[in-house]
Amino acid sequence: MIHSILKMGDARLLRKAEPITQFDTPQLHELVADLFETMQYANGAGLAAPQIGVNLQLVIFGFKNNSRYPDAPTVPETVLLNPVLTPLADTIEEAWEGCLSVPGMRGLVPRWSKLRYEGFDQFGNPICREVDGFHARVVQHECDHLNGVLYPMRITDLSQFGFTEVLFPELDPADDD
Ligand code: NI
């Protein structure tokens, strides 16, 4: 089922999400399916459960080609529960981000350049990966949603925050979310 995505200003996006204690349940599989359906419908690169009003530590991300981020490398389709992120370098990189909860906008956001993420998939299998670049950025963005953090809160220079249609006129306006 496709859900509506909460937008910035909704207090439900500012909560700390609860850990998931039971894996491989019908309810959990339905939630994962709904998140993928909603993300694909919105043409997103990732989606966190709190964005559809479900206050659980569950994020999904991944894509081959994404028209919202035409230059981004492929990120494997991933379901990540109860994630823990550990930076693996002191290096911070800035790059442009958008968010389905902040439609029509992009901002330049500093993120760790390299990190390890650990957690579980929906079946309870452990996940542990070391990643960098856009993959690392997507994970940090999605996991921020589990702590009530939206990317505009991380922008250090607000002159680098604006409307997608102005900043990136080459992008398809249909993806202007
Ligand atoms: Ni987001």
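The values are calculated or read from the model by the stated rules, or taken from the named source; none is laboratory data. If you're wondering where the values come from, they're calculated on a predicted model, not measured in any experiment. With ideal geometry, Cβ positions are generated from the backbone for all residues, glycine too; neighbour counts draw on all protein chains shown. Note: accessible area is taken over every heavy atom of the protein model, side chains too, but ligands, DNA and RNA are not part of it. Shrake-Rupley method; radii C 1.70, N 1.55, O 1.52, S 1.80 Å.
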Projected onto the charge dipole of segment 20-104 (+1 at Lys/Arg Cβ, -1 at Asp/Glu Cβ, origin at the Cα centre), which of Leu31, Phe61, Pro50 gives the Cα projection farthest towards the positive end?
Leu31
Per residue accessible area in Å² of segment 48-125, where ligands, DNA and RNA are left out and the probe is 1.4 Å:
41
What is the magnitude of the charge dipole of the chain about its Cα centre, with +1 placed on the Cβ of each Lys and Arg, -1 on the Cβ of each Asp and Glu, and no other charges, expressed in debye to the nearest 20?
400
Whose amide H sits under 5 Å from the amide H of Met105, counting only residues 5 or more places off or on another chain, with H placed in the peptide plane?
Cys99, Thr164
Per DSSP, the loop-located chymotrypsin sites (Phe, Trp or Tyr not before Pro) within segment 1-60 having at most 15 other beta carbons within 10 Å are Phe23
The chain - percent relative contact order, Cα under 8 Å, separation 6 or more
24
Note to self, the chain gives a 222 nm [θ] from helices alone (DSSP H runs n ≥ 4, -39500 (n - 2.57) apiece, / all residues, nearest 500) of -6000 deg cm²/dmol
Formal net charge of residues neighbouring Ile60 (Cβ-Cβ distance under 9 Å; K, R +1; D, E -1)
-2
Would you calculate the separation in nanometres between label points at Asp71 and Asp10, each defined as 7 Å from the Cα along the Cα-to-beta-carbon direction?
3.1
Just the number, please: carbon plus sulfur as a percent of the accessible area of segment 49-95, 1.4 Å probe, no ligands or DNA/RNA counted.
50
Selection from Gly124, Phe168, Tyr151 lying farthest towards where the dipole of segment 110-177 points positive, charges on Cβ:
Gly124
Under 5 Å between amide H atoms, partner at least 5 residues away or on a different chain: which partners does Leu56 have, H built in plane at 1.01 Å?
Glu18
Net charge dipole size for segment 72-177 [Lys, Arg +1 and Asp, Glu -1 on Cβ; Debye, nearest 20]
400
Quick one: of the DSSP bridges fully inside the chain, what percent are antiparallel, nearest 5?
95
Out of His3, Gly98, His141 - ranked by how far each Cα lies towards the positive end of the dipole of the chain, with unit charges on the beta-carbon of charged residues - the top one is His141
Once ligands and nucleic acids are excluded and a 1.4 Å probe is used, how much of Asp90 is accessible, expressed in Å² to the nearest 10?
150
